[in-house]
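See structure below.
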Amino acid sequence: MDFKKLKEEIIQYSRRIGIDKIGFTTASTFDEMKNRLVRQESLGYQSGFEEKDIEKRVDPSLIFDEPRSIISIALAYPSKMKDAPQSKKGERRGIFCRASWGTDYHDLLKEKLSLLEDYIKEKVPEAMFKSMVDTGELVDRAVAERAGIGWSGKNCAIITPEFGSYVYLGEMITNLPFEPDKPMEDQCGTCNKCVDVCPTGALVEGGQLDAQRCIAFLTQTKGFLPDQFRTKIGNRLYGCDTCQTVCPENKGKDFHLHERMEPDPEIAKPLLKPLLSISNKEFKQNYGHVSGSWRGKKPIQRNALLALAHFKDETAIPDIISVMERDVRPVIRGTAAWALGRIGGEDAIEALKKARNKEEDQEVIEEIEKGLSFFTEGRS
């Protein structure tokens, strides 16, 4: 079998099916990434969403029988929204990060990888594969870096010369011996903008991320958000793009190559108040197709309350009071109480006092007290 020729045919086919970039690498262990992961774990910087076994994350042979090479793919996504609605007084809006615009990228990448598998299988019937996107064992970024898709930036994203860091990544382990591509040289240089502007200091240094402080992670948690981060969230409902938007490599990069990646402006930048009372059915109908829905509506609703507090939206006070008084979930009731304190006003303080006398959950009572404290200590 002429694998050099097959590789070229695969590259050509990948372009025909809309894969924006493809690279090949060996199936050897990712030793440098292992060192990074061990350090992450020792420092307590992991998010908890990752595969727990570090060895599986860096050694393809532990998850695939006799791997010979790995194919990495990238799809470019848009960085600008057409006809984006404006957030204005009384009609404040939240925002989903760019990676959650359009159809869930997991589905899009899996479809491309499946087509690639079928194509290779036709050429080589004995070919075997294990494809994964984001939730697999391997670290997508490590595979893409070694396969020459781009370099690993100080913002911990893969940066490509063509599309910047606005790319989705996926990979396929195979038993076929493709010639590896050459990794790309790091091109961040002395630039440190992403580290300098990270809202929570999650980028401890270039290439070192404390996921526990990262807004992208925090917006996906389901419990009470730690006090120190509540005013840092802004109007973000899911994810954070700050370290991408400040990156010079992303300047002028905006690609609309895939129709299903195009955002629905009312979903990607939704009104906040309606989110507070959205039903499970409505949430699934409206948001079920985007990647930002994977944790359900609870984190989104909590973040919507924080966003309304960020805007100090007095028109939302009746809605937030209703949530505090009626929602069965302590995290949502408590966050609503905190938000009322941040926004302020006579109606808010009276509702908080009333809730303090009726609430039985201790954590919610603590949040009510925090809300009331804003009236005595000021709303800084």
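Since every read-out is calculated from the coordinates, none of them should be taken as a lab result. Predicted model only: the values in this text are computed from it and were never measured. We place every Cβ from the backbone using ideal geometry, glycine too, and count neighbours over all the protein chains shown.
Suppose we filter region 307-327 for residues that are closer than 16 Å to L372 by Cα and either of a type in the set (K, R) or in contact (Cβ under 8 Å) with a residue 60 or more places away in the chain (or both); how many remain?
Count: 2.
Name the residue that is surrounded by the most Cβ atoms within 10 Å (Cβ to Cβ), counting only residues in region 1-53 that are under 19 Å from E171 (Cα atoms) and among the small types (G, A, S).
Going through the qualifying residues, I end up with G23.
Can you give me the number of residues within region 209-239 that are touching a Cys at 6+ places or on another chain (Cβ under 6 Å) and either under 23 Å from E41 (Cβ atoms) or free of Cβ contacts under 8 Å to residues at least 60 places away in the same chain (or both)?
Residues in region 209-239 being touching a Cys at 6+ places or on another chain (Cβ under 6 Å) and either under 23 Å from E41 (Cβ atoms) or free of Cβ contacts under 8 Å to residues at least 60 places away in the same chain (or both): 3 in total.
Within region 256-312, how many residues turn out to be of a type in the set (S, T, Y) and in contact with a Lys or Arg (Cβ under 8 Å, 6 or more places away or on another chain)?
Residues meeting the conditions: 2.
State whether the residues of region 240-248 include one that is closer than 20 Å to R98 by Cβ, charged (D, E, K, R) and buried (at least 21 other Cβ atoms within 10 Å of the Cβ).
Within region 240-248, not a single residue is closer than 20 Å to R98 by Cβ, charged (D, E, K, R) and buried (at least 21 other Cβ atoms within 10 Å of the Cβ).
Pick out, from region 283-380, the helices (runs of 4 or more DSSP H) lying fully within it that include 3 or more residues that are of a type in the set (G, A, S) and over 30 Å from G48 (Cα atoms).
Filter on region 283-380 gives 346-358.
Given the residues K273, K253, K284, K269, which is the only one that is in contact with a helix residue (DSSP H, G or I) (Cβ under 6 Å, 6 or more places away or on another chain) and among the charged types (D, E, K, R)?
That would be K273, the only listed residue that is in contact with a helix residue (DSSP H, G or I) (Cβ under 6 Å, 6 or more places away or on another chain) and among the charged types (D, E, K, R).
Among the residues of region 328-361 satisfying the criterion of being touching a residue at least 60 places away in the same chain (Cβ under 8 Å) and touching a Gly at 6+ places or on another chain (Cβ under 7 Å), which is surrounded by the fewest Cβ atoms within 10 Å (Cβ to Cβ)?
Step by step, filter region 328-361, then rank; the result is V331.
Report, by residue number, each residue of region 116-126 that is in a helix (DSSP H, G or I) and more than 14 Å from I11 (Cβ to Cβ).
If the condition is that a residue be in a helix (DSSP H, G or I) and more than 14 Å from I11 (Cβ to Cβ), then E117, D118, K121, E122 are the ones that fit.
Considering only residues that are closer than 19 Å to E162 by Cα and within 15 Å of the chain's Cα centre (by Cα), which ones fall in region 79-104?
Listed by number, the residues that qualify are S79, R98, A99.
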